[in-house]
Structures are given as structure tokens and as C-alpha cells.
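Single-structure report; data block below.
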Amino acid sequence: MEERILLSPPHVTERDRQALIDAFDSGWVAPAGPEIDAFERELAEFCDVEAVVALSSGTAALQLALQLAGVERGDHVLCQSFTFIATANAALAAGAVPVFIDSESATWNLDPELVAEELAFRARNGDRVGAVVAVDLYGRCADYDRLATVCDDFSVPLVEDAAESLGSRGHDRPAGGYGQFGVLSFNGNKIITTSGGGALLCHDHASADRARYLATQARQTAPHYEHTESGYNFRLSNLLAGMGRSQLAQLPDRVDRRRQIRHRYAEGLADLERVSVFRPQDPSDNAWLTCIELTDIDREKVRLELDQSEIESRPLWKPMHLQPVFSDNANRVNGTSEALFGRGLCLPSGSVMSDDDVERVIDALRRAVA
């Protein structure tokens with residue numbers, strides 16, 4: 001039986017293994033140490049921000065971003081509907097109420113016009129909006145020029161969920177540097193991984209210091225355990241930070257490889273009129289996942305046929321406003337995300353894939369849509 005081709009498996013090397021061993025041998029095993037400090041500095045330089053706080057997950061970073069942005073219990077938080085549930089879960093953890101906003105058809109990212117309509121509606125009703133959270137979907141930066149203008153007009157903080165877009169660029173800067181705060185994820189399926197983990201990107205050191213304080217149980221400086229407010233156990237370990245540094249140094253190669261894979265998919269499927277590879281005209285994204293749209297083809301039938309060929313694929317995100325857990329939440333939709341969920345599929349895109357793997361996916365997909 002052929003080996004299964006996974007969607008986006010961790011890409012780890014001997015260099016990463018040695019980085020973990022070196023961190024272990026240093027004696028800094030607890031969630032503090034020189035690898036964390038260095039990882040934060042290197043991430044800040046790479047993402048062109050003032051300061052970074054390495055954390056246990058991207059969701060933890062989202063939760064801290066909302067808290068530092070001033071989100072209060074009972075606030076409304078405008079969340080992208082077409083994405084993973086972590087964004088909405090962070091709002092719930094803050095005691096806020098997620099409101100789901102649809103995407104633009106051209107980019108699949110948060111629609112600034114719908115955001116403006118919802119903010120105007122909330123302002124008329126006297127509802128407090130604590131933040132707007134935009135997600136860089138599948139590695140493509142959202143339109144932050146328009147989103148920032150809309151949020152500024154209503155004096156609402158903008159948070160960039162860049163969990164999928166490390167290594168991408170927007171109009172004028174790397175992903176993660178837009179908005180009041182940025183969020184990264186180093187989950188196992190991301191373009192680089194620390195096995196788990198995330199980071200909060202800040203534009204000032206005071207915010208980063210506040211985040212570190214909250215992420216270490218809000219412990220006061222004292223010889224005993226002194227607390228004047230509640231906090232969290234959110235810090236990344238020094239061992240995993242060592243691995244993160246190694247992975248970050250390899251990021252440009254990972255981006256190049258994923259772009260090569262997407263380009264080959266586009267070439268190999270170009271003659272299929274009912275299959276289209278979604279990619280930007282300006283390839284400044286990290287090509288985290290290659291996505292296709294199927295026209296007049298049963299998407300689930302194709303997915304199952306790929307699965308029978310030991311190829312993992314996955315439908316595009318099921319919109320949050322269609323999730324049972326959020327059936328009572330308000331939304332402002334235009335049909336874009338529902339249509340994409342019905343016809344879209346993510347193809348294997350991991351940088352660990354060989355050229356033969358890519359050709360195998362192309363051949364299997366061509367058979368499935370024939």
C-alpha cells in the first residue's frame with residue numbers, strides 16, 4: 001500500500017532535533033530561559049514589530065490580544081465567519097459575544113464593507129464592540145488598509161489573526177504586524193511548528209510586558225506567591241522555543257517549497273475547466289494550503305476518492321455562522337463562505353512533500369473529477 005499523503009504534516013529536520021537537545025542540555029527545561037528570549041527577538045525582527053511574547057498556543061495569544069485591546073465581558077467581537085473556531089473561542093473566553101462577518105469573494109478574507117455595516121448597526125443600537133478580528137486565510141493577508149480605516153472610523157481595535165500567514169506579506173509589511181496586536185500559531189500543521197505554541201505580536205514593549213505578566217499567572221514580584229489579579233499559565237517552554245528558532249531559520253525555504261507545490265498544481269490542473277486553483281496574482285502569501293474550487297462537481301465525492309487513494313484533503317472551512325454551537329449568534333453574511341464551503345477543497349501542501357507526491361495528487365484528482 002502506498003504511504004498516505006497528509007494535508008500539512010510537521011516538517012522537522014535533524015537541525016530541529018539538535019536544537020531541542022541543545023536546549024535540554026542547557027538545563028533550562030522550565031518555561032523560561034535564553035531560547036525563549038532569543039526566539040521572541042528573532043520573531044520580532046522577522047515580523048517587523050517591537051516585541052513578541054511566545055505562548056503555549058495561538059488561541060492563548062488571541063485571548064491575550066483581546067484582553068489587552070480592552071475587550072470586556074458582554075462586548076461584541078466581530079469575527080470572521082470563514083475560518084477555524086479558535087478566533088470565536090477566544091472571544092468567548094473573554095466573556096464577549098462573537099458576531100460573524102462574511103468574506104470577500106475575490107480574496108476569501110474578511111469583507112471590510114460588511115464590517116462597516118455591522119459597526120454602524122451596532123453604533124446605532126448602542127452596542128459596545130470590543131474588537132474586530134481579521135484572519136489571514138490560508139496564508140493571504142487581509143485588506144488591512146480598508147479594515148484599519150473602518151475600525152478607526154468607529155474607534156474599535158483591530159486584531160490580526162496571522163496564525164496561517166507567517167512568512168507572508170501584505171501591502172507594506174510582513175504578516176502579523178497589522179492591527180493593534182498580531183497572533184501567530186506554531187501548531188503542528190502550520191508552516192513552522194514548535195509541536196504546539198503561538199505568539200503575541202506587539203507594537204510596544206509595555207503591552208508585551210503586560211502580556212508576559214498575565215501569561216505567568218499574574219504573579220507579583222515578591223518572595224512568596226502574591227497576586228492582585230488573575231492570570232494564566234500561557235508561556236511557551238524553553239525547549240520548544242529552541243525548536244522554534246531552528247524552524248524560523250528555515251522558514252524562507254518552507255515558503256518557497258509551498259509556492260512551488262501550488263504552482264505545480266496550477267500547471268497540472270490547468271486544462272480542467274471545472275477545477276480552479278485559488279492563488280493571488282501577486283504571490284506574496286506563504287501558500288500555506290493550496291485550495292481548489294470545483295464547479296458542478298460533487299466535492300465530497302472527490303474528497304472520498306482521494307481518501308481511497310491514501311491522499312488526505314479537506315473541505316474549506318465550514319463557516320462559523322453555520323456551526324451548531326453558534327446557531328443563536330448574530331451574523332452578517334453575503335453567501336460567499338457558504339458557497340466556498342460547498343465547492344472548495346484543500347489539497348496536500350506540506351513542504352515535506354516530494355515532487356512524486358505532488359504528481360500523485362494531481363493524477364488522483366484528475367481521475368476523481370473525470
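In the range 280-302, the qualifying residues are those that are touching a Ser or Thr at 6+ places or on another chain (Cβ under 8 Å), within 21 Å of Val352 (Cα to Cα) and of a type outside the set (S, T, N, Q), and the one that is surrounded by the most Cβ atoms within 10 Å (Cβ to Cβ) is Trp288. Residues that are without any contact (Cβ under 8 Å) to a residue 40 or more places away in the chain and part of a loop (DSSP other than H, G, I, E, B) were ranked within the range 27-74; the one that is farthest from Phe186 (Cα to Cα) is Arg73. So in the range 268-277, with the set limited to residues that are touching a strand residue (DSSP E or B) at 6+ places or on another chain (Cβ under 7 Å) and more than 20 Å from Asp355 (Cα to Cα), which one is surrounded by the most Cβ atoms within 10 Å (Cβ to Cβ)? Once the filter is applied, the top-ranked residue is Val275.
Return yes or no: is Glu273 in the same structural domain as Gly344 (by TED's automatic domain parsing), over 30 Å from Leu114 (Cα atoms) and assigned to a helix (DSSP H, G or I)? The answer is no for Glu273. Looking at Arg140, Arg124, which is the one that is assigned by TED's automatic domain parsing to the domain that holds Val52 and more than 12 Å from the chain's Cα centre (by Cα)? Being assigned by TED's automatic domain parsing to the domain that holds Val52 and more than 12 Å from the chain's Cα centre (by Cα) holds for just one of Arg140, Arg124, which is Arg124.
Looking across the range 99-118, the residues that are surrounded by fewer than 23 Cβ atoms within 10 Å (Cβ to Cβ) and either assigned by TED's automatic domain parsing to the domain that holds Asp328 or not acidic (Asp, Glu) (or both) come down to Ser105, Ala106, Thr107, Asn109, Pro112, Leu114, Ala116. When the range 2-19 is filtered for residues that are assigned to a helix (DSSP H, G or I) and over 21 Å from Val53 (Cβ atoms), the ones remaining, listed by number, are Glu14, Arg15, Asp16, Arg17, Gln18.
Conditions (1) more than 21 Å from Pro9 (Cα to Cα); (2) within 18 Å of the chain's Cα centre (by Cα); (3) not acidic (Asp, Glu), marked per residue:
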{"residue": "Asp282", "(1), (2), (3)": "yes, no, no"}
{"residue": "Glu293", "(1), (2), (3)": "yes, no, no"}
{"residue": "Lys301", "(1), (2), (3)": "yes, no, yes"}
{"residue": "Gln308", "(1), (2), (3)": "no, no, yes"}
{"residue": "Cys346", "(1), (2), (3)": "no, yes, yes"}
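Criterion first (surrounded by fewer than 24 Cβ atoms within 10 Å (Cβ to Cβ) and touching a helix residue (DSSP H, G or I) at 6+ places or on another chain (Cβ under 9 Å)) does Gln217 satisfy it? Here the answer is no, as Gln217 does not meet what is asked.
Scanning the range 59-98 for residues that are surrounded by fewer than 24 Cβ atoms within 10 Å (Cβ to Cβ), within 18 Å of the chain's Cα centre (by Cα) and of a type in the set (Val, Ile, Thr) turns up Thr59, Ile85. If only residues of the range 103-115 that are in a helix (DSSP H, G or I) and touching a strand residue (DSSP E or B) at 6+ places or on another chain (Cβ under 8 Å) are counted, the one that is nearest to Ala162 (Cα to Cα) is Val115.
Among the strands (runs of 3 or more DSSP E) confined to the range 116-217, there are none with at least 2 residues that are within 30 Å of Gln18 (Cα to Cα) and among the acidic types (Asp, Glu). Considering only residues in the range 1-31 that are small (Gly, Ala, Ser) and touching a helix residue (DSSP H, G or I) at 6+ places or on another chain (Cβ under 6 Å), the one that is surrounded by the fewest Cβ atoms within 10 Å (Cβ to Cβ) turns out to be Ala19. Every listed requirement among (1) within 17 Å of Tyr232 (Cβ to Cβ); (2) buried (at least 24 other Cβ atoms within 10 Å of the Cβ) is met by Ala134 save one, (1).
Let's see how each residue does on (1) of a type in the set (Lys, Arg); (2) in a helix (DSSP H, G or I); (3) closer than 30 Å to Ile101 by Cα; (4) at pLDDT 95 or above:
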residue	(1), (2), (3), (4)
Pro283	no, no, yes, no
Ile292	no, no, yes, yes
Ile297	no, no, yes, yes
Lys301	yes, yes, yes, yes
Asp307	no, yes, no, yes
Val325	no, yes, yes, yes
Ser337	no, yes, yes, yes
Met353	no, no, no, yes
Ala364	no, yes, no, yes
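The values are calculated or read from the model by the stated rules, or taken from the named source; none is laboratory data. Every value quoted in this text rests on a predicted model; they were computed, and no experiment measured them. Cβ coordinates were reconstructed from backbone atoms using ideal geometry, including for glycine residues, and neighbour counts include every protein chain displayed.
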